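No lab work stands behind these numbers, since they all come straight from the coordinates. None of the values given here were measured: they were computed from a predicted structure. Every residue, glycine among them, receives a Cβ derived from its backbone with ideal geometry; neighbour counts consider all protein chains shown.
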Number of protein chains: 2
Amino acid sequence: MVPSNPTRRTVISTALAPIAARLTAQPGPTRVERWGLFELTLSGPSNGNPFIDVPFSAEFRQQHRSVPVDGFYDGDGVYKVRFSPDAVGEWTYLTRSGRPELDGKQGTLLCAAPSASNHGPVSVRNSWEFGHADGAPYLPFGTTCYAWTHQPDALQQQTIDTLRQAPFNKLRMCIFPKWYEYNRDEPRLFPFPRTAAGVNDYSRFVPEFFRNLETRITQLQSLAIEADLILFHPYDHWGYALMPPDADERYLRYVVARLAAFRNVWWSVANEWDLVKGKQPADWDRYFRILEESDPYSRLRSIHHSVVMYDHSKPWVTHLSVQGDEFSKTAEWRTVFRKPVVFDECKYEGNIPKRWGDISARELTRRFWLGTASGAYVGHGETYLDPNDILWWSKGGLLHGESPRRIAFLRAVMDAAPRGLAPVAGAYYPCIAKPGEYYLYYLDYHQPALADFSLPADARFAADIIDPWEMTTVAAPGTYSAKFQLKLPGKPMLAVRFRRLA
Amino acid sequence: MVPSNPTRRTVISTALAPIAARLTAQPGPTRVERWGLFELTLSGPSNGNPFIDVPFSAEFRQQHRSVPVDGFYDGDGVYKVRFSPDAVGEWTYLTRSGRPELDGKQGTLLCAAPSASNHGPVSVRNSWEFGHADGAPYLPFGTTCYAWTHQPDALQQQTIDTLRQAPFNKLRMCIFPKWYEYNRDEPRLFPFPRTAAGVNDYSRFVPEFFRNLETRITQLQSLAIEADLILFHPYDHWGYALMPPDADERYLRYVVARLAAFRNVWWSVANEWDLVKGKQPADWDRYFRILEESDPYSRLRSIHHSVVMYDHSKPWVTHLSVQGDEFSKTAEWRTVFRKPVVFDECKYEGNIPKRWGDISARELTRRFWLGTASGAYVGHGETYLDPNDILWWSKGGLLHGESPRRIAFLRAVMDAAPRGLAPVAGAYYPCIAKPGEYYLYYLDYHQPALADFSLPADARFAADIIDPWEMTTVAAPGTYSAKFQLKLPGKPMLAVRFRRLA
């Protein structure tokens, strides 16, 4: 295929903004940065039901490599296909459609080096870790704003403003709106056309709904926050939890066509899948397979449970998205599943009359450290009573709690640690280590005034006593090697770090 | 049998002091209070091995009732038989022995009402509770001084002085001396004669060793403290953990003959039975059966594990003596075993370099409340580093921690509660209740500012907010009934109590 300039009818944007700028001419190959978003916009039929009637896709090629990508109908006769190139250099594309005005369109894009803040998508690395495609490490410190994109615009913007100051680099958020305690508002936009009587037309989508979602995903991307998109959830009163199978599949394919090219997208197949009573285990397997098959980028895939854990050994699950506080099971899960373990919900800091939403900041801070020292990643959420029922956990808005700045402190500690940390089997207190180099113990409710440690005898180590609540790090005097007793303050909830001296 | 005055050669004491006062004459029937200790002292042979060669027992009769009781050799030609009558009125006794000077001795004792501080022995009541024989409730709030009777006299006395001020009404203590970390002292007295080369003569006992033990048990009794006597344990370097079976049996029968008549004695067959590697499960069963068969009073019998729980469904186990902090299993254990559940070790307040002995006072206080609200009883222990290695947990001495006064506070709360409290299945927070009358919730790390409760609609209740650490009880304004939300301080580690208003 000979690359050629796009025709005048082909409208291209490489902007991250979800509504593509409409260019009237394109002087040469479109430039897009690596892992950026290329968007091709074409005009096509608007009669009938274009969501179903009009097949539209494109093939992106680089030398002998071919990446088929589904396009989507964005309403008003506008068709789009998005592509996020993972390799620099020249790419060509060729569209395919049963409709001539959408078929055979071709063009060239030039993929350039990424900008400084673009480290590429996150994927699993070394079995139990995550990393960006450019090699930068990624340690998830997530929070939840499950329904934030269904709130009034000003509140959505406030959430972004809050996140800008917060320590979180992952956000769990539902695509579908949420109907639950503290969440009894009808959203302005629905994903499917809906009559006043509440009848959904699952054969069509509401592009404006998805464009808002894309705006928010893009804003998160600018804040280096991964969007852990929840595809299904049980907190429904509109019908989305129990759509017909063909509607489920169209929905998934539409979401993938629109969103997979955003490099900060993760797929969370469900929140609390086991509470969706109308679906069978085979349904969840099918959703995973549809994602696997349709997503050109293999974005991360997980499924979050309430009580019954999904079988995370299935090959399409990239990492464990766990509920609970059984951090002591982390080592077993790592061994059995050989996947990263993320405790996405270990109860939330807050004071609502729900035991899942009323734990203290100290307890959540403790859980972050205990989970981390167990070899897992831990997620935050916040549920303080609010006169307007704006709880961060679901609607976003403002953070009120005491744990976020402690999580920031932990994140700084972990960012400074080497990669490849793993839980130490049989450690006397929970410990993750890179053996011979780095050891991080969390002593939890223990308060020894002396503690026994054993480090390699062929090196010397510096010791730090870390107070996760006070957010202090104090170097212990001297250096350490082999077996020794370390003097400690005799105070609970401390961590001890050993780092090999050069 | 016609009761008669004791002969002049029969020496009787009803004193609690273990060394009987030797009376030269007895003007009439010996008086002993109900559940007190009657001791008959006779002179007999001292040649050979009286511990084995001389059978000696007595039968105590009241009307048609007969209680056979084993006597014991106390050294120096002195033989004793002890009896603790459980019914007021006249009792007669008749001794039996193959030796004529010990055989056929008879006499009368008059059992009077108990003194005010004597509530009788503790036994299981209503499946899951304990109570004194006179009907007084008994809620165990135990501590441990495992090796206190093997310490120098002054330290033993200091332990008694400390206990006088402490909130504990049960003491776990080993009959055998202990060899373990912080316990590397040879005791002054051994239970069996022992050569300088360390050879034990298991066919004989050292009466002075047991007389000291009896002194201490009696002192505990005067402080209303139950002596939870540990018969075997693994922390041994003298040989007592691995005696021949016949020595085990003689030891048990000797201990029962000497100690069972003390009304505050409980039998703990072992501490950490599963760590005694040389014994088989059948051995432990046998010890229980020997106790059952030889103890005229059926004192409480339990066995404490480290990792592997003994089968507490066996009929000779009167209550669970558990290690761990799995308080959430209490309800299941109560249902399965229908016996009281005592967490005798849930780790100790302290700061030693052992994770079982370095938990904070806050954590131990939390565990007391969590266990209590789960329907269990919880035990204390204290392990603070000491320049002389005098740790309360084992040697006694002084208490240094912050939990005992909180335990005193909890004990006062529980003493004021009605009996018959049981864990409430499905309670939103751990709760024990006497339904319709009294409810005690412990909220642990939860800090709801509002909490939902549901009480009977046909009564009104007063609510108290209890702070176990600050030891405060604040009445919530108003009265409560049916379903309601209670305003709470939004602070973790609180308890909430509801009491029905008259």
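Of all aspartates and glutamates in the structure, those lying under 15 Å Cα to Cα from A:Lys279, and not within fewer than 8 positions of it along the same chain, are A:Asp236, A:Asp246, A:Asp248, A:Glu249. Helix B:207-222 and the longest principal axis of the Cα set of chain B meet at an angle near 40°.
Given 10 °C and 1.306 mPa s, how large is the Stokes-Einstein diffusion coefficient of chain B in µm²/s, with Rh as the Kirkwood radius over Cα pairs?
Working: Rh = 24.2 Å.
This corresponds to a translational diffusion coefficient of 66 µm²/s.
For A:Asn49, the label point sits 7 Å beyond Cα toward Cβ; its separations from the matching points on the remaining copies run 9.7 nm, from shortest to longest.
What's the ranking of A:358-370, A:77-89, A:405-417 by average number of surrounding C-beta atoms within 10 Å, highest first?
So the peptides A:358-370, A:77-89, A:405-417, ranked by packing, come out A:358-370, A:77-89, A:405-417.
Residue of chain B with the Cβ closest to the rotation axis carrying B onto A, and that distance rounded to whole Å: B:Arg362, 5.
Per residue of B:359-368, other chain Cβ atoms within 10 Å of the residue Cβ number 3 on average.
Take every DSSP beta bridge with both residues inside chain A and express the antiparallel ones as a percent of the total, to the nearest 5. Numbers along the way, then the final one.
Values: 65 of 94 bridges.
In chain A, DSSP labels about 70 percent of beta bridges as antiparallel.
To the nearest ten degrees, helix A:361-373 and the longest principal axis of the Cα atoms of chain A are 90 degrees apart.
The protection proxy used here, the mean number of other Cβ atoms lying within 10 Å of each residue, ranks peptides A:189-195, B:343-349, A:460-466, A:242-248 as follows, highest first: B:343-349, A:460-466, A:189-195, A:242-248. Ignoring lysines fewer than eight residues from B:Lys487 along the same chain, the ones with Cα atoms less than 27 angstrom from its Cα are A:Lys347, A:Lys354, A:Lys395, B:Lys434. When DSSP beta bridges are restricted to pairs lying wholly in the protein assembly as shown, around 70% turn out antiparallel.
Ascending distances from the A:Arg286 label point to its copies in the other chains, with the point 7 Å along the Cα-to-beta-carbon line: 6.5 nm. Placing dummy labels 7 Å off each Cα toward the beta-carbon, the span from B:Asp386 to A:Asp161 is 6.1 nm. The packing ranking of peptides A:131-141, A:228-238, highest mean first, is A:228-238, A:131-141, where packing means the average number of other beta carbon atoms within 10 angstrom of each residue. Shape analysis of the protein assembly as shown based on the Cα gyration tensor places the equivalent ellipsoid semi-axes at 74, 30, 23 Å, largest first.
Between copies, the label points of A:Arg460, set 7 Å from Cα on the Cα→Cβ line, lie 7.5 nm apart, reported in increasing order to one decimal in nanometres. In order along region A:338-352, the Karplus-derived 3J(HN,Hα) couplings, from 6.51 cos²θ - 1.76 cosθ + 1.60 at θ = phi - 60°, round to 6, 9, x, 10, 10, 7, 6, 9, 10, 6, 10, 5, x, 8, 6 Hz, and Gly and Pro are given as x. Counting only other chain Cβ atoms within 10 Å of each residue's Cβ, the peptide A:384-390 averages 1. Between the helical axis of A:245-259 and the longest alpha-carbon principal axis of chain A there is an angle of about 80 degrees.
Roughly how crowded by other chains is peptide A:349-358, in terms of the mean Cβ count from those chains within 10 Å of each of its Cβ atoms? Present the calculation step by step, with values, prior to reporting the outcome.
Details: counts 1, 5, 11, 5, 11, 6, 8, 1, 2, 12.
Mean partner shielding for this stretch: 6.
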